[in-house]
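Visitor: Attaching a single structure in structure tokens format; questions to follow.
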Amino acid sequence: RLIRRTVKRLYRRHDVVTVPDGAVACEVLTVDRGFDLILCDLMMPIMNGMSFHGVVSERWPDVVSRIVFMTGGPESDEARAFLKELDGHWLAKPFTAAELELVTHRVAANSG
């Protein structure tokens with residue numbers, strides 16, 4: 001919750017939608033895929049970030065490039081391999097506002 005509140009505060013000049021897990025995020029994407037950026041924690045209850053990425057890749061491949069993962073550190077070899085494949089679309093927690101802004105600009109440049 002703390003990260004969701006912090007990100008919402010940092011992006012207060014934008015429309016921000018926060019959800020508690022990947023399953024709810026998929027429900028939101030079923031209705032609205034117009035997000036410029038999707039920040040996703042790697043470790044979440046119900047559906048983790050890797051599973052969320054898999055669903056998005058399958059259902060909405062055009063959205064995948066707008067996902068940036070956040071992690072306090074990969075907890076498995078599978079998670080480490082996953083992050084390696086993301087080509088910089090992830091942030092190590094804790095991150096600064098400047099790091100978040102940098103990745104936001106990188107995603108925007110690659111999607112537009």
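The values are calculated or read from the model by the stated rules, or taken from the named source; none is laboratory data. Bear in mind the structure is a predicted one, so any value in this text is a computation, not a measurement. With ideal geometry, Cβ positions are generated from the backbone for all residues, glycine too; neighbour counts draw on all protein chains shown. All accessible areas refer to the heavy atoms of the entire protein, side chains included, with ligands and DNA or RNA removed. Shrake-Rupley method; radii C 1.70, N 1.55, O 1.52, S 1.80 Å.
Visitor: Can you give me the Cα centroid spacing of the stretch 77-112 and the stretch 1-66 in angstrom?
Guide: So the two Cα centres are separated by 14 Å.
Visitor: Still on this model: For the chain, the longest stretch holding no trypsin sites (Lys or Arg not before Pro) located in a DSSP loop with at most 15 other Cβ atoms within 10 Å is which?
Guide: 34-112
Visitor: Next up: Give me the accessible area per residue for the chain, probe 1.4 Å, as a whole number in Å².
Guide: Per residue, the chain has 64 Å² of solvent-accessible surface.
Visitor: Turning to a different aspect of this structure: How charged is the neighbourhood of Lys84? Take every other residue with its Cβ under 13 Å from the Cβ of Lys84, and add Lys/Arg as +1 and Asp/Glu as -1.
Guide: Its environment carries a net charge of -3.
Visitor: Does the chain come out rounded, prolate or oblate, given a ≥ b ≥ c as the square roots of the eigenvalues of its C-alpha gyration tensor, rounded meaning a/c under 1.5 and, failing that, prolate meaning a/b above b/c?
Guide: rounded
Visitor: Tell me, what HN-Hα J-couplings in whole Hz come from the Karplus equation 6.51 cos²θ - 1.76 cosθ + 1.60 at θ = phi - 60° for each residue of the stretch 44-56, using x for Gly and Pro?
Guide: After applying 6.51 cos²θ - 1.76 cosθ + 1.60, I find 9, x, 6, 9, 6, x, 5, 5, 4, 4, x, 5, 4 Hz.
Visitor: In terms of modelled amide H atoms, which long-range or inter-chain residues lie less than 5 Å from the amide H of Trp90?
Guide: Phe69
Visitor: Which net charge results for the neighbourhood of Val107, defined as the other residues with beta-carbon distances under 10 angstrom from its beta-carbon, given Lys and Arg at +1 and Asp and Glu at -1?
Guide: +1
Visitor: Could you calculate the FRET efficiency of Arg9 with Asp32 from 1/(1 + (r/R0)^6), where r is the beta carbon distance between them and R0 is 30 Å, rounded to 0.05?
Guide: E between Arg9 and Asp32, to the nearest 0.05, is 0.85.
Visitor: Hey, any idea what % of the stretch 11-63's accessible area is carbon plus sulfur with a 1.4 Å probe?
Guide: Ligands and nucleic acids excluded, carbon and sulfur reach 50 percent.
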